[in-house]
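The values are calculated or read from the model by the stated rules, or taken from the named source; none is laboratory data. Keep in mind the model is a prediction, meaning the values are calculated, not measured. Every residue, glycine among them, receives a Cβ derived from its backbone with ideal geometry; neighbour counts consider all protein chains shown. Just the protein is used for accessible areas: all its heavy atoms, side chains included, with ligands, DNA and RNA removed. Shrake-Rupley method; radii C 1.70, N 1.55, O 1.52, S 1.80 Å.
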Amino acid sequence: MEDCIFCKIAHGQVESQIVYQDEHLVAFDDINPQAPMHVLIIPRVHISSLLELGDGDEELVGRAHRLAARIARERGYDRRGFRVVANCGQDAGQSVPHLHFHVIGGRALQWPPG
Ligand code: DGP
């Protein structure tokens, strides 16, 4: 998608602090971190939200979650815990319409979320 900021990051057209990338996924630091670790994991292909996932995307979503666990473990947050969040739509506060998983850790997180 031409106007999608996360597509631009995935294609290297907009700079970001890349944490990991492969043919399926890109992980990069959130520009507005809410915790000591705040990484975003996105699919390379443009999928606007969880609602747009289709048949065959199960593996992609699984890969994203395995990557989240790997990043958290590599940073030592596996023992104290971390959170993976996908905001979907207006009430959830989704501001970028390209599916992304927030991987947040390094402080005690509140529940319920605001
Ligand atoms: P959400 O509100 O769930 O749609 O989260 C979008 C996140 O994306 C938000 O935490 C800020 C982050 N973000 C928005 N634009 C950019 C950008 O250009 N670069 C990076 N690294 N993060 C961005």
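Quick notes on this one:
- Just so you know, in the range 24-45 the residues that are within 14 Å of the ligand (Cβ to nearest atom), in contact (Cβ under 8 Å) with a residue 40 or more places away in the chain and in a loop (DSSP other than H, G, I, E, B) include one that is most open to solvent (accessible area, probe 1.4 Å), and it is Q34.
- Extreme residue, surrounded by the most Cβ atoms within 10 Å (Cβ to Cβ), among residues of the range 83-104 that are in a loop (DSSP other than H, G, I, E, B) and of a type in the set (A, V, I, L, M): L99
- Unmet criterion (only one of (1) open to solvent by 30 Å² or more (accessible area, probe 1.4 Å); (2) free of Cβ contacts under 8 Å to residues at least 60 places away in the same chain; (3) among the hydrophobic types (A, V, I, L, M, F, W, C)) for A64: (1)
- Selected residue (criterion: farthest from the ligand (Cβ to nearest atom)) from residues of the range 3-23 that are assigned to a loop (DSSP other than H, G, I, E, B) and open to solvent by 60 Å² or more (accessible area, probe 1.4 Å): E23
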